[in-house]
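Notes follow once the structure below has been shown.
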Amino acid sequence: MMGIGKELPILKALDETHQDVRSFAHHTELPPDSILLSSFIDPQGGSDSTGSTDTGVPLVHTIAIDEESKAVVLSCRGTLGFEDVLADMMCEYDDLFWRGKPYKVHKGIHASARRLLYGGDGRVLATLKEALEEFSDYGLVLCGHSLGGAVTALLGAMLAEPASSGTAFITSAEPHQRLLASGQSHQTASHICLPPGRPIHVYAYGPPSTMSPSLQKATRGLITSTVHGNDLVPYLSLGVLHDFQAVALAFKTDNSEAKAEVRRRIWEGLQSGLVDKWYNNGSKRSHEEEDKWAYAALKTLRASMMSSKLLPPGEVFSIESTPALRRDAFLQAGTGQIGRPATRVVFKYIRDVEARFREVRFGSSMLLDHSPGRYEDTLRRLTLGVMDA
């Protein structure tokens, strides 16, 4: 279930609850009857790299009532594999009109958000409306991982407006109209308005680059994005591909001396690196010279990496696991706990999102860190601070 495993409860006799609903309810610790709507296979919910929505790609979504947080919750599942992520990188940008201004967003994700909210029989929007009307003191929470997080981020922008004071957002009174099927007239489509003035917030985990820098800044207070470790996906957008292409062309058209120098330094690094590690006799001066040369080369390459890029939405936090030693001051002597290897989870606020995500950062765990299971496990560890290794 979403790449996260938990044993299901024993099936009771005459229990007609759908297996996927039971799994979702068990994992989220919600009663099954709190789930108002679930679409575990929605053939018209996804989109491809061109923005087409009738592709058969499922965008699984669920609407539930969370009594503890007093919220109606719409959750969306993420991409099914990295082939979807790589396809999404090649998608063009689209205009999202928000508060009377156009902003650039990911075309395919925008199409998925519109299809989910306005497509089909309009059941998602109608269910949200009815739930908020029934629970008059509840707010609206949207959440998702990967593609699901990006879709809910755009849904949040489509449904919200800034509150009159502070940095919070509330549901907008703006009417919404279903997407019309071919041959259907505008007279047959009714408008749906959510109850206005309700608190609304989006929680996105590992979302791909979704919106322009201006919209990313405008939606701080509405959207909270969390990026785990070296997760590659939040860096990806069409602008990054264009940068890769520009760098490749720069090497191709550059003189042979520069390319020969790169090859020479890489080969020398491979040869000397093993020797230095074995004898631990690396020259500090030579390392400083290498660093200066590498930094100069990087500045030259960055001059060609100026393509327009999208960013992860809203306020962005990073969450990382680092090795540590237990130093608990209040442990009793003789327990053997002090100094034991442990893991510390660090949660950081990213002040300059544009600077952080303008180019890909490579790491050995850049693919594995995108797993929803790793996101959930690391967030769980965060509540404990330091855990034994």
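What follows is calculated from the coordinates using simple rules that are stated; it is not laboratory data. Keep in mind that what you see is a predicted model, and the values were worked out from it rather than measured. In this analysis, Cβ positions are derived from the backbone assuming ideal geometry, glycine residues included, and neighbour counts consider all displayed protein chains.
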Query - Förster radius 35 Å - calculated FRET efficiency between F362 and L382 (Cβ-Cβ, nearest 0.05) - result: 0.90
Query raised in the report: Mind ordering 152-164, 119-131 by average Cβ neighbours within 10 Å, highest first?
Result: 152-164, 119-131
Report summary line: Here the gain from full extension of H191 to D20, 0.36 nm per residue of separation minus their alpha-carbon distance, amounts to 58.4 nm
Report summary line: Under the 7 Å Cα-to-Cβ spin-label approximation, T343 and R220 lie apart by a distance in nanometres of 3.1
Report task. May I ask you to sort T224, T219 by Cβ crowding, counting other Cβ atoms within 10 Å and putting the fewest first? Result -> T224, T219
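Can you tell me the length gained on complete extension of the stretch H27 to F135, counting 0.36 nm per residue apart and subtracting the Cα distance?
On the way: separation 108, 0.36 × 108 = 38.88 nm, distance 2.37 nm.
Residue separation times 0.36 nm, minus the Cα-Cα distance, leaves 36.5 nm.
Hey, can you rank 348-360, 310-322 by average C-beta count inside 10 Å, highest first? Can you show the working numbers first?
Details: 348-360: 14.5, 310-322: 21.9.
Listed from highest to lowest mean packing, they are 310-322, 348-360.
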Report summary line: Residue span E320 to H176: 0.36 nm per residue of separation minus Cα-Cα distance leaves a gain in nm of 47.9 nm
